[in-house]
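Notes follow once the structure below has been shown.
The values are calculated or read from the model by the stated rules, or taken from the named source; none is laboratory data. Just so you know, these numbers come straight off a predicted model, no measurement behind them. Every residue, glycine among them, receives a Cβ derived from its backbone with ideal geometry; neighbour counts consider all protein chains shown. Keep in mind that these areas ignore ligands, DNA and RNA; they rest on the heavy atoms of the full protein, side chains included. Shrake-Rupley method; radii C 1.70, N 1.55, O 1.52, S 1.80 Å.
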Amino acid sequence: MDPKTTTPGSLTMVEYYKAQAFNPVLIPVERQEVWKEHVAKRRHLYERHLGLPLSLLGGRRVLEFGCNSGENALVLATQGARLTFVEPNPLVAPRLRELFQSFGLEASIEAFHEAGIADFQTDETFDLVIAEGFLSTLADREAMLAKIVGLVRPGGFGVVSFNDRPGGLLEMLKRAVLYRAYALASVTDVQSEEALAIARGFFEADFLKLKASRTFETWWRDTLVAPVYLYEHLWSYPEMLAILQAEGATAFGTSPMWSTWEHFNWYKNTPEAGSVNGRFEEEWRRHLFYFLTGLPPAGKEARASDEVLDEVAGLVRALARIGDTLDPGAPAPFEAPRFFEYLMASPQEAPRAFARELLALLGTLGSPFSDELLSTYRGSALLRSQWGTAYHYLCFQKNQA
Ligand SMILES: C[S@@+](CC[C@H](N)C(=O)[O-])C[C@H]1O[C@@H](n2cnc3c(N)ncnc32)[C@H](O)[C@@H]1O
């Protein structure tokens, strides 16, 4: 294992999966109805959200890092894509081979390298390079994103997913609330049945209203008490866009789709060369409230300044730190005045309600009474019913000369 891929102070994702003998995203695509739904979701992601028609992948060379047991790549193989895999977890390879064999698609696999992204070396470039579900957890993720851009041929595409920092605020808040409840109840094992029961008391009723494919217990285990869900794993579009700009690539599409700068524009009004990544960033700053909550915008909000964004990051970090310990002492007070001013200045009611509820809940995180914590959380109508936008995809195109 490349030491550079270790997350500061914790297990890497691969070490965690290996230690748990756990396949994080096994999808039983052998079942016809599961396969149909899986294909529909992947097509929707690639074609409608990211703007990449899968039927154009016939004969194209695709490199996928972190393919796990290959359920996603199988969809690309049905379209004739030629696949190279780079995956460090040896436990998943047998299932990947079996799957491709059972679909009669083993000839689509041109290579399988048991390696992490940092160790993979090649002089080749690819039509499409994918890194889904792990990149933002790497300590050297900036260099690895630059490496991915370098592996795409000019005019080709890259698709990466990541855990978003503002989008993760509500999950980190829920996690902090839960860890405070654990500390106050003297829970010592956050993976125990007792810990699960406390989590159900806070979140299960709201979770069951979602169209989630995971069970409550899986969500709790994967998100709220997973030792590999850390502040350091959260990333953001501006940081990634800056790397694309420096490496000669341009944002192409995202999922969720939040950028509207091209909407209603005549195609002859082409953007200035090199300006597209910046346009995505400006749009992102005006949609901060959408990222925080997942609520569709009622109109564009004001542009979030660097100071507001720094305070959001500080708040997410402080909340994440609570979720790293079971310290029963009250946490340090939360300071984010510009962020709250920004929300309160909104012409819409929802951001103002969000600010009021968030201030009240942050105020009770220091309470020594778990009943008070529970009742304040339950009384936060907006915060408890929203989940933020924790997981995002960014598709980019490598610039052509
Ligand atoms: C959460 S799973 C996602 C699997 C699949 N890509 C998806 O999105 O459904 C993360 C995958 O990334 C792999 N992975 C973790 N660290 C990696 C690294 N440094 N290089 C390449 N793959 C890595 C894991 O072994 C696992 O297969």
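When region 211-227 is examined, which residues are found to be of a type outside the set (D, E, K, R) and open to solvent by 20 Å² or more (accessible area, probe 1.4 Å)?
Initial filter on region 211-227 (of a type outside the set (D, E, K, R)): 212-213, 215-216, 218-220, 223-227.
Scanning region 211-227 gives 212, 213, 215, 218, 227.
Checking the structure you have, find out if any residue of region 123-146 is open to solvent by 40 Å² or more (accessible area, probe 1.4 Å), at pLDDT 95 or above and under 30 Å from residue 31 (Cβ atoms). Checked region 123-146: no residue is open to solvent by 40 Å² or more (accessible area, probe 1.4 Å), at pLDDT 95 or above and under 30 Å from residue 31 (Cβ atoms). Here the condition is being at positive phi and either in contact with a strand residue (DSSP E or B) (Cβ under 7 Å, 6 or more places away or on another chain) or in contact (Cβ under 8 Å) with a residue 60 or more places away in the chain (or both); of 150, 155, 167, 116, it holds for 155 alone. For region 191-204, the candidate set comprises residues that are modelled with pLDDT of 95 or more and under 24 Å from the mean Cα position of the chain (by Cα); within that set, the residue that is most open to solvent (accessible area, probe 1.4 Å) is 200.
Assess whether residue 86 counts as being surrounded by 15 or more Cβ atoms within 10 Å (Cβ to Cβ), of a type outside the set (Phe, Trp, Tyr) and either at pLDDT below 95 or on the phi > 0 side of the Ramachandran plot (or both).
Numbers: surrounded by 15 or more Cβ atoms within 10 Å (Cβ to Cβ): yes; of a type outside the set (Phe, Trp, Tyr): yes; either at pLDDT below 95 or on the phi > 0 side of the Ramachandran plot (or both): no.
Criteria not met by residue 86.
Cβ separations smaller than 8 Å between residues 6+ apart or across chains give the following pairs from region 83-109 residues that are in a strand (DSSP E or B) to residues that are among the acidic types (Asp, Glu): 83/64; 83/110; 84/64; 84/110; 85/64; 86/64.
Of the residues that sit in region 104-118 and are within 12 Å of the ligand (Cβ to nearest atom) and open to solvent by less than 30 Å² (accessible area, probe 1.4 Å), which one is farthest from residue 67 (Cα to Cα)? First the steps, then the outcome.
Step one: of region 104-118, the residues within 12 Å of the ligand (Cβ to nearest atom) are 113-118.
Keeping just the survivors that are open to solvent by less than 30 Å² (accessible area, probe 1.4 Å) gives 115-118.
On the way: 115: 11, 116: 11, 117: 11, 118: 15 Å.
If we take residues in region 104-118 being within 12 Å of the ligand (Cβ to nearest atom) and open to solvent by less than 30 Å² (accessible area, probe 1.4 Å), then 118 is farthest from residue 67 (Cα to Cα).
Counting only residues that are within 11 Å of the ligand (Cβ to nearest atom) and farther than 20 Å from residue 255 by Cα, which one in region 24-62 is most open to solvent (accessible area, probe 1.4 Å)? Per the criteria, the residue is 26. Filtering region 309-318 to residues that are within 14 Å of residue 230 (Cα to Cα) and in contact with a Phe, Trp or Tyr (Cβ under 8 Å, 6 or more places away or on another chain) leaves 315, 316, 317, 318.
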